[in-house]
Ligand SMILES: NC(=O)c1ccc[n+]([C@@H]2O[C@H](COP(=O)([O-])OP(=O)(O)OC[C@H]3O[C@@H](n4cnc5c(N)ncnc54)[C@H](O)[C@@H]3O)[C@@H](O)[C@H]2O)c1
């Protein structure tokens, strides 16, 4: 059966676990060939193997630190030459520390901005050439409710980086709109992943859940469904948008 993304190749940064893994699995289910990047080699390889096993698409693990331009350029070239083109980029890799401004070391500030914001820029920049060659592209950047208001779990560096992602998304969307490439951001609320569970325990998770209009944490598969829509042909008229998925925690 012909699946909707069977003629597409997708690269997911930080796809070794959590939201990135869920997005990669969803895009594979829809037929896309999948390049999974992570900075943790065993995560990337295991994730690529699991998705190849569960679907009939080709997968490829790529070890890279998205803050390093040489790594990123090699990663995109590798994805293009191994899987044939690059049509969908999911800028998912991100880090979070719950540090207050008063206690944030300069190196921690720099690292959060580098991974969450500069990494998003470097990967998008490298992906433009293959997307232009195809005259079709979808870039989905991971922001957060933090990008629109204040982070629930992270520090000011996290909030600032995710607000930066929204500005970058709008600007790039305008630059490449004429090339068949859309650029959007998703703004998840509190989602049940390794990242959130390293910061909060079960009791805290329940307290947050009770405070949301939809009284639970979000599931990675729910975010993956939204990202998959933005990566589809049907989303061709959506660009420069920042889509909320937060159980009603933030309504703007
Ligand atoms: N979980 C949430 O509640 C939540 C809410 C809003 C937004 N987000 C955003 O969603 C994205 C994914 O979050 P998650 O909860 O799945 O996180 P996670 O920590 O579970 O997974 C992130 C992955 O990114 C990888 N990574 C980190 N730095 C990297 C680098 N420099 N290069 C390549 N890979 C790197 C990690 O190894 C890890 O596998 C992040 O951008 C995060 O800020 C998460």
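Report the Cα-based extents of the range 1-72 along its three principal axes, largest first, to the nearest Å.
That gives 39, 21, 18 Å along the principal axes, largest extent first.
Along the Cα→Cβ direction, 7 angstrom out, place labels at residue 132 and residue 70. What is the inter-label distance in nm?
Once both label points are built, they end up 2.5 nm from each other.
Using 7 Å Cα-to-Cβ label points, what is the residue 3/residue 53 separation (nm, one decimal)?
1.7 nm
Any idea how far apart residue 219 and residue 81 come out in nm if each label point goes 7 Å out from Cα toward Cβ?
A separation of 4.1 nm, rounded to one decimal place.
Please determine, in degrees from 0 to 90 and to the nearest 10, the orientation of helix 156-176 with respect to the longest principal axis defined by the Cα atoms of the chain, where the helix direction is its Cα long axis.
30 degrees
Rank by packing, highest mean first: peptides 48-58, 143-153, with packing defined as the count of other Cβ atoms within 10 Å averaged across residues.
143-153, 48-58
Quick one: Cα centre-to-centre distance for the range 31-77 and the range 111-142, in angstrom?
15 Å
Would you kindly state how much longer the chain becomes between residue 156 and residue 211 on full extension, computed as 0.36 nm times their sequence separation minus their alpha carbon distance, in nm to one decimal?
17.6 nm
Helix 18-29 against the longest principal axis of the chain: what's the angle in degrees, Cα atoms only, rounded to the nearest 10?
Compared with the principal axis, the helix lies near 30 degrees.
Subtract the Cα-Cα distance of residue 202 and residue 29 from 0.36 nm times their separation in residues, and report this length gain in nm to one decimal.
59.2 nm
Principal axes first, then extents: for the Cα atoms of the range 108-252, list largest minus smallest coordinate on each axis, whole Å, largest first.
Between the extreme Cα coordinates on each principal axis of the range 108-252 lie 50, 35, 25 Å.
What relative contact order, as a whole-number percentage, does the range 9-244 give when Cα pairs under 8 Å and 6 or more residues apart are counted?
Relative contact order of the range 9-244: 20 percent.
Taking every Cα atom in the range 9-244, find the radius of gyration and the maximum pairwise distance Dmax, and write them in Å.
So, for the range 9-244, Rg and Dmax equal 16.8, 50 Å respectively.
For helix 119-134, report the angle its Cα long axis makes with the longest principal axis of the Cα atoms of the chain; keep it between 0 and 90° and round to the nearest 10°.
The angle comes out near 20 degrees.
Readers should treat all values here as calculations from the given coordinates under stated rules, not as data from a laboratory. Note that the structure is a prediction, hence the values are computed from the model and not measured. Cβ coordinates were reconstructed from backbone atoms using ideal geometry, including for glycine residues, and neighbour counts include every protein chain displayed.
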